[in-house]
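The values are calculated or read from the model by the stated rules, or taken from the named source; none is laboratory data. Keep in mind it's a predicted model, so treat the numbers as computed, not measured. Reconstructed Cβ throughout: ideal geometry from the backbone, glycine too, with neighbour counts over all protein chains shown. For accessibility, only protein heavy atoms count, side chains too; no ligands or nucleic acids. Shrake-Rupley method; radii C 1.70, N 1.55, O 1.52, S 1.80 Å.
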Amino acid sequence: MKKISLLGATGSIGTQTLDVIKLHPDQFTLEAISIGKNLTLGLDIIHTYIPKVVSVIDKESYEYLQSRVPDNVKVVYGDEGLIEVAANVESQVVVNAVMGSVGLKPTLKAIEAGKTIAIANKETLVTAGHLVMGAAKTHNVHILPVDSEHSAIFQCLNGEDKKALERIILTASGGSFRDRTRSELKDVTVESALNHPNWSMGAKITIDSATMMNKGLEVIEAHWLFDMPYEKIDVVLHRESIIHSLVEFQDTSMIAQIGSPDMRVPIQYALTYPVRLALPLSKRLNLIEVGKLHFEEANLERFRCLQFAYDAGKVGGTMTTVLNAANEEAVQLFLNRQISFLDIEAYIEKALEQHIPIKNPDLDTIVAVDQETRKFVNTLI
């Protein structure tokens, strides 16, 4: 029986992780969770799975839950609560499915505690990839990707000589506005931006998909997960989201991982690796029905956020921290209807331009730069 700690249980990845756990009660038990603002859903999860520890965002949520959970469930809150769920319980695997850079500290603490990390939180590696991967190496901890693209690469590389790897190719759906020109993006609404053609995801990641920042963050994540230079990480538009990513080797051979677009597949693989279990919830892919697959160039002039990510990644240091923090703040401003869709990339660009990067930053420096960037972005309104 594998004990799981789940950061972000009420989010999209979190609820799909619960689907997998529920499907295999003989394989998994939910040891601890963190939940966000959806306390109603959180309570449903608590009463269904009875985790030993539950972390909430703030003291108000803590007080609300205290009288509503079973007596044997411990409620904690804030940053220390996240760390408790990640590092201070008897779990073997920590699923990091929270949104944003809040996932960084608990992940580092979980690595120090020797937990296997199933990482769905891009921002942790984008913000501090050198710290996370360095800590994982020091503590001999596995970092298993949950994102469909990185899981695909991970699976394609199983049993292969990493030294023979020539190139990584990340596929991208293109998001909600893949068929629109830049001039057609000036007045798009929040509702239209949230209408993703292929995947069911949370609001922030859906907007990131529309700007292609999501793919930019994945490029940086791939750099750290697979120790590849940015020059050997490509992005290609693939509308069907059936080929989840590919690798190319020195002998020109390419291997792709394909399947129906269902996040429960990479989630389950991260939880069961190196074993594969049945997943009857997922629709099997019928290649005859698919018929054709399409590929297009990911134009960096059209998708400027993707260019920003490549540029920030190559500079390194705190530049990727700024990229992530500026994007998080700008996306939230758009979701709040305070700025336009194209303002997202404009605000990110200004934040990057004003920052003087710091090489090899420690955690305190990263946190400080993150906070400074968020404040700067909010002065632009």
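Scanning segment 313-354 for residues that are in contact with a helix residue (DSSP H, G or I) (Cβ under 6 Å, 6 or more places away or on another chain), under 21 Å from residue 131 (Cβ atoms) and not in a helix (DSSP H, G or I) yields a total of 1.
Residues that are part of a helix (DSSP H, G or I), at pLDDT 90 or above and of a type outside the set (Val, Ile, Thr) occur in segment 187-208; there is at least one. Quick check on segment 117-139. Is at least one of its residues touching a residue at least 12 places away in the same chain (Cβ under 8 Å), assigned to a loop (DSSP other than H, G, I, E, B) and open to solvent by 50 Å² or more (accessible area, probe 1.4 Å)? Yes - at least one qualifying residue is present in segment 117-139. Consider segment 99-114 and keep the residues that are open to solvent by 20 Å² or more (accessible area, probe 1.4 Å) and not in a helix (DSSP H, G or I). The one that is nearest to residue 42 (Cα to Cα) is 99. Screening segment 152-177 for residues that are over 23 Å from residue 283 (Cβ atoms) and assigned to a loop (DSSP other than H, G, I, E, B) and picking the one that is modelled with the lowest pLDDT gives 177. All conditions but one from (1) open to solvent by 60 Å² or more (accessible area, probe 1.4 Å); (2) touching a residue at least 40 places away in the same chain (Cβ under 8 Å); (3) not charged (D, E, K, R) apply to residue 88; the one that does not is (2). Among residues that are on the phi < 0 side of the Ramachandran plot, modelled with pLDDT under 95 and not aromatic (Phe, Trp, Tyr), residue 277 is not included.
Quick check on residue 95: is it open to solvent by less than 90 Å² (accessible area, probe 1.4 Å), under 19 Å from residue 13 (Cβ atoms), touching a residue at least 40 places away in the same chain (Cβ under 8 Å) and not in a strand (DSSP E or B)? So residue 95 does not fit the description; no. Considered as a group, the residues in segment 69-84 that are hydrophobic (A, V, I, L, M, F, W, C) and more than 18 Å from residue 44 (Cα to Cα) include one that is surrounded by the most Cβ atoms within 10 Å (Cβ to Cβ), and that residue is 82. Against the definition (open to solvent by 10 Å² or more (accessible area, probe 1.4 Å) and in a loop (DSSP other than H, G, I, E, B)), how does residue 357 come out, yes or no? The answer is yes for residue 357. Can you name every residue in segment 287-306 that is open to solvent by 60 Å² or more (accessible area, probe 1.4 Å) and part of a helix (DSSP H, G or I)? Matches in segment 287-306: 287, 288, 289, 304. Taking residue 55, is it of a type in the set (Ser, Thr, Tyr), crowded, with 19+ Cβ neighbours inside 10 Å and in a strand (DSSP E or B)? So residue 55 fits the description; yes. Can residue 19 be described as open to solvent by 30 Å² or more (accessible area, probe 1.4 Å), closer than 20 Å to residue 119 by Cα and either of a type in the set (A, V, I, L, M, F, W, C) or in contact (Cβ under 8 Å) with a residue 24 or more places away in the chain (or both)? In short, yes.
Screening residue 217 on (1) buried (at least 22 other Cβ atoms within 10 Å of the Cβ); (2) more than 26 Å from residue 326 (Cβ to Cβ) shows it passes everything except condition (2).
Among the residues of segment 144-151, is any part of a loop (DSSP other than H, G, I, E, B), of a type in the set (Asp, Glu) and buried (at least 23 other Cβ atoms within 10 Å of the Cβ)? Yes: one or more hits.
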